[in-house]
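The values are calculated or read from the model by the stated rules, or taken from the named source; none is laboratory data. Predicted, not measured: the structure shown is a model, and the values here were computed from it. All Cβ positions, even for glycine, are placed from backbone atoms using ideal geometry, and neighbour counts span all protein chains on display. For accessibility, only protein heavy atoms count, side chains too; no ligands or nucleic acids. Shrake-Rupley method; radii C 1.70, N 1.55, O 1.52, S 1.80 Å.
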Amino acid sequence: PVLPQLPALLGPDVPAAGVLVVGNKVDLLPADCHGHLGRLRQRVAAACARAGLRGAALVDIRLVSAKTGYGMEGLVSRLQRSWKCAGDVYLLGATNSGKSTLFNTLLRSDYCKSRAPDIIDRATVSPWPGTTLNLLKFPIINPTCDRIFRRQERLKEEATKTEDQLSSEEKKYLNQLKKQGYLVGEVGRTFQQQKSSAEIDFDPDTLSYSMDEDPRDLPEKHEEREEFTHNEVKDARWCFDTPGIVKEDCVLNLLTEKEVKLVLPSHAIVPRTFILKPGMVLFLAALGRIDYLEGEKPAWFSVLASNLLPVHVTMLSNADTVYEKHAAQEFLKVPMGGEERMKEFPPLVPQDITLKGIGTTEAVADIKLSSAGWVAVTAHAEEELLLRAYTPKGTALVVREPPLLPYISTIRGARIPGTPAYRTKKPPAFVENLRTTGSR
């Protein structure tokens, strides 16, 4: 979601410069049909409008994955066209939105001065001069006409490559990313810092010693930290990383660091679809629950959440017992820590939801269980469903209409005999700017 407090944080002067909205972690979402990225972009645009970002203030919307590199070269080009060197750029975003990964990826791209990555890397260990420990920055390269031309030539050349033409290391890294995300790209550098030739420095006296003495230790040489010169940064514009904004009503605020790592997806989400009849209940770990209370026909419930979170289906008559017995245990996994953990964890609170189906291949709505994930509900046309959804007290439960991935229930395998579950089916990965056919 787009942070609702964003316009207030930006202040009155920012619209004159403009805001570019980045939808990150797009590598995690499976493609439910052709053109799903265009639909995702429309959903982000609608969320921006609801948050008060529209018109001239909204420069563009970009869907990227800072982790896999998908869309990042396009983002760099857009940033260079929009701001050139007219002003500083600030990265704002919620905690756990991948903002720091985005900052680090931009740092190693053509958006940053060529000499900066090594210097900035060291600055992350100690305070950067003129900033706080939590406010990192790098100098933006001046996108002159010559640099833009050379960059475009590099991008054209790389777009003609096939996987067969990659080095063994590049292939290994690419295959690793393809297993982790559906959408993969590459972020290269056109402008590299010129490395000076290495000089061998030694003391001839240390190369010989008598049989009855040990070699003398070489005196330690304290490497001086490299810095920018005054001329390099006197007129520089900077890209700043800022501390993450904590989202209110978010289930992640209730979790330990270990639990958050299980809840936040780190690999592409594999959709899990179940067919439920009235009187059945679906648990997403111990963080969310959906009861199918009333309806004439079965309906499909597709879970989009971290692959590490368990999903369990039971009967309504058993649901309370299942939760009381297994919450904070391995069966439901999160939260973890047993009875002592549940004493401090807020109880699940219900919210009744009424939906009307629009067809067996298209979801009518998403039930968003705070930041634990969401469940897309697909039902027969005109079929009325009465559902009751639960999230921990103090967290947000949102019914999203229209759903983000309306055709997600079709991304499934065969029904598993004797169960309400379907076999999972992972869509193939797509690699941006890399020809899929090998050289013949």
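Structure values in brief
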| quantity | calculated |
| --- | --- |
| For Leu20, residues with placed amide H under 5 Å, excluding near neighbours | Val59 |
| Tail fraction, Cα-Cα pairs, segment 227-330, threshold 18 Å, whole percent | 64 |
| Carbon/sulfur fraction of accessible area - segment 253-427, other protein chains in place, 1.4 Å, % | 53 |
| Which listed pairs, of Lys67/Lys333; Lys172/Lys261; Lys178/Lys393, have C-alpha distances above 30 Å, in listed order | Lys178/Lys393 |
| Low-density loop cleavage sites - GluC sites (Glu not before Pro) in segment 334-428, where at most 16 other Cβ are within 10 Å (DSSP) | Glu382 |
| Fraction of alpha-carbon pairs over 11 Å apart in segment 283-325 - percent | 71 |
| Segment 253-379: antiparallel DSSP beta bridges as a percent of all, rounded to 5 | 95 |
| Alpha carbon centroid spacing (whole Å) that separates segment 50-101 from segment 142-188 | 20 |
| For segment 253-427, convex hull of alpha carbons as volume per residue, Å³ | 108 |
| Accessible area per residue in Å² at 1.4 Å probe, computed on segment 253-427 | 44 |
| Label-zone membership for segment 318-335, site Thr256, 7 angstrom Cα→C-beta point, backbone N under 20 Å | 324-335 |
